[in-house]
1. Multiply the residue separation of Ser173 and Ser107 by 0.36 nm, subtract the distance between their alpha-carbon atoms, and state the gained length in nm to one decimal.
2. Quick one: which of Lys80/Lys131; Lys58/Lys131; Lys80/Lys116; Lys83/Lys116; Lys83/Lys152; Lys50/Lys90 span more than 30 angstrom between C-alpha atoms?
3. What nm distance separates the two modelled labels at Gln87 and Lys131, each placed 7 Å from Cα along Cα→Cβ?
4. Could you give me the ³J(HN,Hα) list for the stretch 95-105, computed from phi with Karplus coefficients 6.51, -1.76, 1.60 and θ = phi - 60°, whole Hz, x at Gly and Pro?
5. What residues qualify as long-range amide H neighbours of Leu84, i.e. H under 5 Å apart, gap of 5 or more or another chain, H built at 1.01 Å from N?
Amino acid sequence: KRAREKAAMASVQLNKPDIEDSKALKLSDKQADELIDASEVAEVERIVPKEVSVEVRKDLRHLLQSVSSTKTPWGYVGNKVLKLFYQAGKGTGFHEAFHAVFRFAISDSDVNRYLKLAEKEVLASLNTQDKLNDAMADLRASDANYAELTSKQIYELLLEEHVADRYMEYTQSESSVR
């Protein structure tokens, strides 16, 4: 199986993921030190495409298809809705806003450019095929809907999550200008 995964990754052509109707979940197994606030939500509403609605909810667990998950969903983007858990960690809104822009607003060539940049960083940080396979398996196991995705789709979602995390980190840095 690992040889097939390795061969599949070697031949991956990065294309804009066919994900407009799929979802991206930000999961956490801890409580946040700092929570999202009204200013973050307002900034997220300004950033996301106009056709994406933003909601803050008291509970997002219904979004999980996997009943065995012990993690709490902090954020979600799917079906042109961005949902945030009211006790999500600070920056989660920006992570999810990135997904909304990535999926609904930028060109295929920009998506490919971001995926290629992410690929270099992810492969450098994981540095072995086994670690890459483990990261992909962890992502696939995080939600039952991901079990239906191909290896290429999981790989591209892993790259997209990496860029979303980097954007979130950037927005939380002192040098950030939004």
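Quick note: the coordinates plus some simple rules give every number you see, no bench work behind them. Remember, it's a predicted structure, so these values are computed and weren't measured experimentally. Please note: Cβ atoms are built from the backbone with ideal geometry, for glycine as well, and neighbour counts cover all protein chains shown.
1. Details: separation 66, 0.36 × 66 = 23.76 nm, distance 2.68 nm.
Answer, rounded to one decimal: 21.1 nm.
2. On the way: Lys80/Lys131 32 Å; Lys58/Lys131 35 Å; Lys80/Lys116 25 Å; Lys83/Lys116 28 Å; Lys83/Lys152 26 Å; Lys50/Lys90 23 Å.
Those over the limit are Lys80/Lys131; Lys58/Lys131.
3. For the pair Gln87/Lys131, the computed spacing is 3.4 nm.
4. So the J values, rounded to whole Hz, are 4, 5, 4, 4, 4, 4, 5, 4, 7, 10, 10.
5. It is Glu55, Val56, Arg57, by chain and number.
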